[in-house]
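As structure tokens, the structure follows; a few thoughts come after it.
Just so it is clear, none of the values below were taken in a lab; they were calculated from the coordinates. Here the structure is a predicted model, which is why all the values come from computation and not from measurement. Cβ atoms come from the backbone with ideal geometry, glycine included; neighbour counts cover every protein chain shown.
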Amino acid sequence: MKLDEVPQDQSSTYGGHSKLVYAVDASGQYQRAQSDGWEPEAFATQLAVAALQEQEAEALAAWQAGQQSPLKCLMYRYRLDEPALAQITGLWQWRIRRHFRPSIYRRLSAAILARYAEAFGLPAAQLIAYQKDPV
């Protein structure tokens with residue numbers, strides 16, 4: 001992309017911020033440039049957020065019905081997926097999927113819950129309380 005072609009579409013997904021992109025100037029050298037957004041990028045971001053919100057709503061309903069633990073709901077609420085949650089917590093993905101089962105979640109140690117709490121930016125006491133009662 002050329003320096004004078006850097007998108008400036010005032011994207012609502014940037015929240016008034018801009019991001020750094022690299023573009024080619026007239027002499028063919030890469031230069032840093034600020035972009036206020038690009039409409040196709042904003043549309044894709046909005047679709048992704050809507051999908052995560054839908055997944056969160058499904059996970060919340062399953063949690064309230066006692067079919068899943070709160071972890072899946074929280075994972076989507078904080079815009080994470082299984083690989084990202086695994087990387088943040090240092091747990092294997094298969095263990096995380098296992099922790100989605102309410103019977104397993106109720107038996108998790110305080111140390112494992114603390115890892116999840118740190119990943120979500122929540123107090124560990126909140127996750128411990130979720131072991132007893134849904135929502």
Worksheet entry | Tally, over the stretch 13-54, of residues that are of a type outside the set (S, T, N, Q), on the phi < 0 side of the Ramachandran plot and not in a strand (DSSP E or B) | 19
Item to complete: Could you please let me know if Arg95 is surrounded by fewer than 16 Cβ atoms within 10 Å (Cβ to Cβ) and more than 17 Å from the chain's Cα centre (by Cα)?
Response: yes
Practice prompt. Out of the residues in the stretch 1-54 that are over 26 Å from the mean Cα position of the chain (by Cα) and of a type in the set (A, V, I, L, M, F, W, C), state the one that is surrounded by the most Cβ atoms within 10 Å (Cβ to Cβ).
Written response: Ala33
Item to complete: Report, by residue number, each residue of the stretch 110-121 that is crowded, with 16+ Cβ neighbours inside 10 Å and in contact (Cβ under 8 Å) with a residue 40 or more places away in the chain.
Response: Tyr116, Ala119, Phe120
Worksheet item: Within the stretch 11-65, can you find the residues that are closer than 30 Å to Lys132 by Cα and among the aromatic types (Phe, Trp, Tyr)?
Response: Trp63
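From the residues in the stretch 122-135 that are among the hydrophobic types (A, V, I, L, M, F, W, C) and touching a residue at least 40 places away in the same chain (Cβ under 8 Å), which one is nearest to Ala59 (Cα to Cα)? Even if it seems obvious, please write down each step before you answer.
As a first pass, look at the stretch 122-135 and keep what is among the hydrophobic types (A, V, I, L, M, F, W, C): 122, 124-125, 127-129, 135.
Then drop every residue that is not touching a residue at least 40 places away in the same chain (Cβ under 8 Å), which leaves 122, 127, 135.
Details: Leu122: 18, Leu127: 16, Val135: 12 Å.
Looking at the filtered set, the residue picked out is Val135.
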Item to complete: Quick one: in the stretch 98-133, of everything that is part of a loop (DSSP other than H, G, I, E, B) and within 22 Å of the chain's Cα centre (by Cα), which residue is nearest to Gln87 (Cα to Cα)?
Response: Gly121
Worksheet item: Which residue pairs have Cβ atoms under 7 Å apart, sit 6 or more places apart or on different chains, and have a first residue in the stretch 89-106 that is hydroxyl-bearing (Ser, Thr, Tyr) and a second that is not in a helix (DSSP H, G or I)?
Response: Tyr105/Ser69; Tyr105/Gln131
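Listed residues Ala57, Ala86; which is buried (at least 18 other Cβ atoms within 10 Å of the Cβ), without any contact (Cβ under 8 Å) to a residue 40 or more places away in the chain and either polar (S, T, N, Q) or in a helix (DSSP H, G or I) (or both)? Spell out how you get there, then give the answer.
Working: Ala57 fails: buried (at least 18 other Cβ atoms within 10 Å of the Cβ).
Exactly one residue qualifies, and that residue is Ala86.
When you look at Ala33, is it among the aliphatic types (A, V, I, L, M) and out of contact with any strand residue (DSSP E or B) (no Cβ under 8 Å at 6 or more places or on another chain), yes or no? Steps first, answer last, please.
Values: among the aliphatic types (A, V, I, L, M): yes; out of contact with any strand residue (DSSP E or B) (no Cβ under 8 Å at 6 or more places or on another chain): no.
Answer is no for this residue.
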Practice prompt. Take the residues in the stretch 98-109 that are under 16 Å from Ala129 (Cβ atoms) and hydroxyl-bearing (Ser, Thr, Tyr), then tell me which one is surrounded by the most Cβ atoms within 10 Å (Cβ to Cβ).
Written response: Tyr105
